[in-house]
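Some notes on the structure that comes next.
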Amino acid sequence: MKLGKFKLKHYINYIVIGIITAIFSGIVLTGGRLDNSTLFLLEKVAISIILAVSLSLVVGFLGELSLGHAGFMCVGAYLGGKVAALLQPTLGNGPLAFLIALVVGCGAAAICGIIIGIPALRLRGDYLAIVTLAFGEIVKSLFQNTSDETFGGSLGLPTPRYDKNYLFIFAFILVLVTLAVVQNLMRSKHGRAITAIRDNEIAARATGVNVTKYKLLAFTLSAAFAGIAGVLYSYSNYTVQSAKFGYNYSIEILVMVVLGGMGNINGSIVSAALITFLNTKLATVLTGDLAVLQNLFYALILIVIVIYNNAPALKGFRDKYNLGVLVAKLRKKAADPSHVTDDKAKWDVVPTKISMDEILSVDVLPQSGSDEEQNGGVK
Amino acid sequence: MEDILSTLINGLSLGGIYAMIALGYTMVYGIAKMLNFAHGDIIMIGGYVIFIFMATHNPLLAVAMAIVMCVILGVVIEKVAYKPLRGASPLAVLITAIGVSYLLQSLAQILFGSAPKMVTVYDFGTIKFLGATVQVSALVTLGVTVVVMIALTLFVKYTRLGRAMIAVSEDRSAAQLMGINVNGIITVTFAIGSALAALAGLFYLLKAPSVSSTLGAMPGIKAFTAAVIGGIGSIPGAMLGGILLGMVECISYKFSAIAPYTDAIEFSILILILLVRPTGFLGKKRREKV
């Protein structure tokens with residue numbers, strides 16, 4: 001077995017998230033106090049990152065559009081929240097109850113992922129997008145219409161809350177777990193199989209990739225992590241309401257993935273954190289009818305980024321001015337100091353001027369037969 | 001008996017609206033090979049245009065303006081958002097279409113506010129039919145839809161433009177080699193689809209006289225369901241699927257036990273149909289080629 005060389009840049013995202021988590025946990029654990037809005041924001045950021053990274057598995061790597069990601073989250077939130085509420089009298093509100101709720105929520109969402117993954121084997125593209133959308137709406141509608149005793153009906157399911165001060169630490173640990181699973185999967189041969197299906201399913205099948213297995217794997221994993229995000233959500237809020245998990249929320253997650261660059265996990269993380277932060281800050285500024293400006297912003301992000309990244313006509317432009325090329329240029333410039341040296345003397349020696357008369361005075365002899373030679377093959 | 005009859009007629013009229021939207025979907029999907037998510041929102045824009053021009057108290061002018069504006073909007077959307085992505089991956093086109101749909105909804109909400117606007121286009125009144133009270137507008141909806149469907153079928157079968165559309169839908173590059181202006185055909189398709197959407201907007205206003213920014217979102221998705229049930233790309237299929245879906249919805253609303261689950265039932269039908277017969281009732285099976 002050959003071990004790959006340890007590369008810092010492959011692990012930089014764990015380190016950054018780890019450091020951020022450590023700083024905030026340090027504040028809380030040493031008795032410092034973070035105000036509630038900061039804690040809530042941290043929880044929301046963690047939930048968004050888990051959602052974005054897991055959706056990126058299906059949209060970015062498998063290349064199928066899922067419009068029901070919020071539906072999986074809904075399943076996780078309701079079942080996890082319900083289990084937590086049931087366990088509260090016996091186990092209290094400790095980490096054990098949280099863990100059981102996580103397992104249940106994650107498992108239920110994963111089962112839904114398998115159920116949706118099965119049509120995914122027969123369908124693709126637009127049809128699959130509609131099926132996932134339909135799934136999200138079905139889940140929403142089912143939970144909305146349950147009786148008040150089981151899942152709270154339209155009023156929402158009241159859920160126990162974990163100790164507010166520490167929930168975000170668990171949330172960020174789960175972010176790291178998600179990241180570890182998704183990133184390692186994508187760097188393994190299984191991940192390459194998934195991207196091969198995205199690039200050309202028929203070719204992948206022809207080279208022996210088990211398309212059924214990998215499609216189901218991607219859908220199930222993605223759903224499972226959405227379920228985890230759902231359980232976190234139920235712990236982070238007093239009630240779980242099905243109206244929250246509609247089409248719009250699925251689109252919001254999709255915006256995070258698209259903004260981060262499809263198939264780019266670190267991009268998804270950054271954009272998930274950014275959009276969640278902006279949303280929370282904007283919600284206080286934009287009230288009433290202005291709140292819709294946020295949706296306008298999302299819509300424009302989706303259209304502009306997707307057209308910019310995919311339009312065949314813009315390919316030349318993209319190749320010339322993308323981030324990678326710019327960084328490479330800057331590096332080259334930094335590494336090579338010669339561009340500042342004064343080489344005027346050298347240029348003075350080289351004859352750079354050509355007299356026009358010199359060119360014109362050259363006799364061009366009519367060469368007979370050259371035409372035939374050139375067109376010889378055409379006859 | 002009267003109850004059953006009025007449910008059936010309501011179902012037919014709702015089915016007519018779905019069929020009208022599904023016709024637009026199926027044309028665009030068949031020819032441009034893309035799911036135009038914004039189609040439902042063009043219905044909503046049509047509704048708002050009717051609302052604006054009803055200030056003149058002239059229903060015909062309002063409807064004509066709605067059709068014109070929707071056609072312009074549809075063509076502009078196609079040129080600005082979808083045309084640059086021709087040849088790109090279907091996923092990119094789909095996401096852009098969702099973006100356009102979102103854009104139209106939020107623009108409408110900014111321009112007209114989130115509260116629904118009330119607008120009565122024309123009151124056709126009611127008639128008694130076999131003892132049941134029937135909205136005349138329901139019959140108008142159904143009648144217009146049937147006429148439009150027949151007209152579209154004839155148009156596609158017997159005119160040069162229509163046959164060019166079939167050619168483009170069957171094989172785009174071969175059609176191009178035969179001298180068909182593919183981009184032009186796609187634009188015309190979007191124009192026709194948007195005109196149908198404007199009519200669907202009118203029917204919605206005849207059914208319930210209010211328009212809001214989310215008017216078209218759900219009907220759009222349901223009409224896509226209808227188009228899939230009937231077989232995407234098939235004009236009679238869109239009609240069949242629309243009527244079936246409208247019937248299911250109205251019948252389901254009749255029973256209080258399942259009424260709250262109506263949406264869930266409709267979407268479950270969609271998933272089942274896609275699992276059992278992805279080409280729908282009247283769609284043609286196509287093999288995927290390398």
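The values are calculated or read from the model by the stated rules, or taken from the named source; none is laboratory data. Note that the structure is a prediction, hence the values are computed from the model and not measured. So basically every Cβ, Gly included, is an ideal-geometry build from the backbone, and we count neighbours across all protein chains shown.
Residues that are within 7 Å of chain B (Cβ to nearest Cβ) and touching a Ser or Thr at 6+ places or on another chain (Cβ under 8 Å) were ranked within segment A:128-140; the one that is farthest from B:LEU94 (Cα to Cα) is A:ILE138.
Inside segment A:312-333, can you point out the residues that are among the charged types (D, E, K, R) and within 14 Å of chain B (Cβ to nearest Cβ)?
Passing the criteria: A:LYS315, A:ARG318.
The condition of being among the hydrophobic types (A, V, I, L, M, F, W, C), on the phi < 0 side of the Ramachandran plot, in contact (Cβ under 8 Å) with a residue 40 or more places away in the chain and at the interface with another protein chain (Cβ under 9 Å from one of its Cβ atoms) does not hold for B:VAL63. Considering (1) farther than 27 Å from B:ALA115 by Cβ; (2) surrounded by fewer than 22 Cβ atoms within 10 Å (Cβ to Cβ), the lone condition that B:ALA217 does not fulfil carries the number (1). In segment A:76-92, the residues that are over 17 Å from A:ALA108 (Cα atoms) form Cβ pairs under 7 Å with partners that are outside any helix (DSSP H, G or I) and at pLDDT below 85, at six or more places apart or across chains, as follows: A:GLN88/A:PRO160.
In this structure, is A:LEU296 touching a helix residue (DSSP H, G or I) at 6+ places or on another chain (Cβ under 9 Å) and either touching a residue at least 40 places away in the same chain (Cβ under 8 Å) or facing chain B (nearest Cβ under 8 Å) (or both)?
Taking the combined requirement at face value, the residue satisfies it.
This table checks each residue for (1) touching a residue at least 60 places away in the same chain (Cβ under 8 Å); (2) farther than 30 Å from B:LEU130 by Cβ.
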site	(1), (2)
B:LEU8	yes, no
B:GLY11	yes, no
B:LEU14	yes, no
B:MET27	yes, yes
B:ILE31	yes, yes
B:VAL75	yes, yes
B:ALA88	no, yes
B:SER106	yes, yes
B:GLN109	yes, yes
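Just one of the listed residues (B:THR145, B:THR153) is crowded, with 19+ Cβ neighbours inside 10 Å and in contact (Cβ under 8 Å) with a residue 24 or more places away in the chain, and it is B:THR145. The residue pairs whose first member lies in segment B:213-235 and is more than 9 Å from every other protein chain (Cβ to nearest Cβ), whose second member is charged (D, E, K, R) and part of a loop (DSSP other than H, G, I, E, B), and whose beta carbons are closer than 9 Å, counting only pairs six or more residues apart or on different chains, are B:GLY231/B:ARG277; B:GLY231/B:LYS284; B:GLY233/B:LYS284; B:SER234/B:LYS284.
There is at least one residue in segment A:39-56 that is charged (D, E, K, R), touching a helix residue (DSSP H, G or I) at 6+ places or on another chain (Cβ under 9 Å), touching a residue at least 40 places away in the same chain (Cβ under 8 Å) and more than 14 Å from chain B (Cβ to nearest Cβ).
Elements of the type helices (runs of 4 or more DSSP H) sitting completely within segment A:93-188 and holding at least 2 residues that are among the aromatic types (Phe, Trp, Tyr): these cover A:125-144, A:164-187. Of all residues in segment B:111-137, those satisfying the criterion of being among the hydroxyl-bearing types (Ser, Thr, Tyr) and either facing chain A (nearest Cβ under 7 Å) or touching a residue at least 60 places away in the same chain (Cβ under 8 Å) (or both) are B:SER114, B:THR120, B:TYR122, B:THR133, B:SER137.
Here B:ILE43 does not fit the description of being under 30 Å from B:ARG86 (Cβ atoms), out of contact with any Leu (no Cβ under 7 Å at 6 or more places or on another chain), of a type in the set (Val, Ile, Thr) and crowded, with 24+ Cβ neighbours inside 10 Å.
Quick grid of which residues meet (1) farther than 28 Å from A:THR21 by Cα; (2) surrounded by 15 or more Cβ atoms within 10 Å (Cβ to Cβ); (3) in contact with a helix residue (DSSP H, G or I) (Cβ under 7 Å, 6 or more places away or on another chain); (4) within 14 Å of chain B (Cβ to nearest Cβ):
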position: A:GLY261; (1), (2), (3), (4): no, yes, yes, yes
position: A:ILE269; (1), (2), (3), (4): no, yes, yes, no
position: A:LEU274; (1), (2), (3), (4): no, yes, no, no
position: A:ILE303; (1), (2), (3), (4): yes, yes, yes, yes
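Considering A:SER37, A:SER48, A:SER56, the condition of being more than 30 Å from A:LEU128 (Cβ to Cβ) and in a helix (DSSP H, G or I) is satisfied by A:SER37 alone.
Against the list (1) within 14 Å of another protein chain (Cβ to nearest Cβ); (2) within 20 Å of the chain's Cα centre (by Cα); (3) under 30 Å from A:LEU123 (Cα atoms), the condition B:VAL76 fails is (3).
The residues of segment A:226-261 that are farther than 23 Å from A:ILE130 by Cβ, aromatic (Phe, Trp, Tyr) and part of a helix (DSSP H, G or I), listed by number, are A:TYR233, A:TYR235. Identify, from the list A:GLY156, A:GLY125, the residue that is more than 14 Å from every other protein chain (Cβ to nearest Cβ), in contact (Cβ under 8 Å) with a residue 24 or more places away in the chain and not hydrophobic (A, V, I, L, M, F, W, C). Exactly one residue qualifies, and that residue is A:GLY156.
Restricting B:VAL75, B:VAL80 to those that are in contact with a helix residue (DSSP H, G or I) (Cβ under 7 Å, 6 or more places away or on another chain), surrounded by fewer than 24 Cβ atoms within 10 Å (Cβ to Cβ), assigned to a helix (DSSP H, G or I) and of a type in the set (Val, Ile, Thr) reduces the list to B:VAL75. Does any residue of segment A:12-34 turn out to be touching a residue at least 12 places away in the same chain (Cβ under 8 Å) and within 14 Å of chain B (Cβ to nearest Cβ)? Scanning segment A:12-34 turns up no residue that is touching a residue at least 12 places away in the same chain (Cβ under 8 Å) and within 14 Å of chain B (Cβ to nearest Cβ).
The residue that is nearest to B:SER169 (Cα to Cα), counting only those in segment B:236-266 that are among the β-branched types (Val, Ile, Thr) and within 12 Å of another protein chain (Cβ to nearest Cβ), is B:ILE265.
Of the residues B:ALA175, B:ALA191, B:ALA195, the single one that is assigned to a helix (DSSP H, G or I), surrounded by fewer than 23 Cβ atoms within 10 Å (Cβ to Cβ) and free of Cβ contacts under 8 Å to residues at least 24 places away in the same chain is B:ALA175.
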